[in-house]
Amino acid sequence: MKTTLEEARERSHNETVNVLQSILEKNYDAEKGYKKAMHDAKTPALKNFLKQQALQRSHFATAIDKALHDLDEKPKESGSVTGRLHRAWIDIKSSLSGNDDEAVLEEVIRGEKASVKEYEDVINKHTLAPRINNLLQSQRADIESTLARVRTLEDLAN
């Protein structure tokens, strides 16, 4: 029989793992979304920016993967069904809008807003170890910075 302390540690461990698995999945989705957007973008500068963002999300996923391994857990290896559906929606929207860079930037903004919200929800609703919390706060700050840059790019495209 487990003690109350052991049960609390197990619950905390499971909560942390579930949170990290969810964020990992979202980062896989974001990386694939950026690669898709890079394919749809017209200008070389935007393609390069989107490539950098896909690489950033790959780095995020690697850091979360490492945190899961540090917890002796096996990380998920792919994104979500929701992410695949979103990319399919982007395909439809892009074909209707003529694959213009403004439409690509609008979808990037929408995706980054969702990412910021996801990170904020996780950080605010869960009690996580300081190193995990710091990792997620740092990644959220990077996403917020990207969101600001994308909004500037969108303003320039108008």
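Details
- Residue check for K36: free of Cβ contacts under 8 Å to residues at least 24 places away in the same chain and in contact with an Asp or Glu (Cβ under 9 Å, 6 or more places away or on another chain): no
- Residue match in region 70-79 (condition: among the small types (G, A, S), out of contact with any Cys (no Cβ under 6 Å at 6 or more places or on another chain), at pLDDT below 90 and not in a helix (DSSP H, G or I)): yes
- Here A88 clears all of (1) surrounded by fewer than 16 Cβ atoms within 10 Å (Cβ to Cβ); (2) modelled with pLDDT of 85 or more; (3) of a type in the set (G, A, S) except the condition numbered (2).
- Looking across region 1-30, the residues that are out of contact with any Ser or Thr (no Cβ under 8 Å at 6 or more places or on another chain), surrounded by 13 or more Cβ atoms within 10 Å (Cβ to Cβ) and either among the hydroxyl-bearing types (S, T, Y) or not in a helix (DSSP H, G or I) (or both) come down to T16, S22.
- The residues on offer are V108, V104, and the sole one that is within 12 Å of the chain's Cα centre (by Cα), closer than 24 Å to A45 by Cα and at pLDDT below 90 is V108.
- Some residue of region 111-133 being within 14 Å of D40 (Cβ to Cβ) and modelled with pLDDT of 85 or more: yes
The values are calculated or read from the model by the stated rules, or taken from the named source; none is laboratory data. Just so it is clear, the model here is predicted, and its values are computed rather than measured. Because the Cβ atoms are built from the backbone with ideal geometry, glycine has one as well, and the counts that use them run over all protein chains shown.
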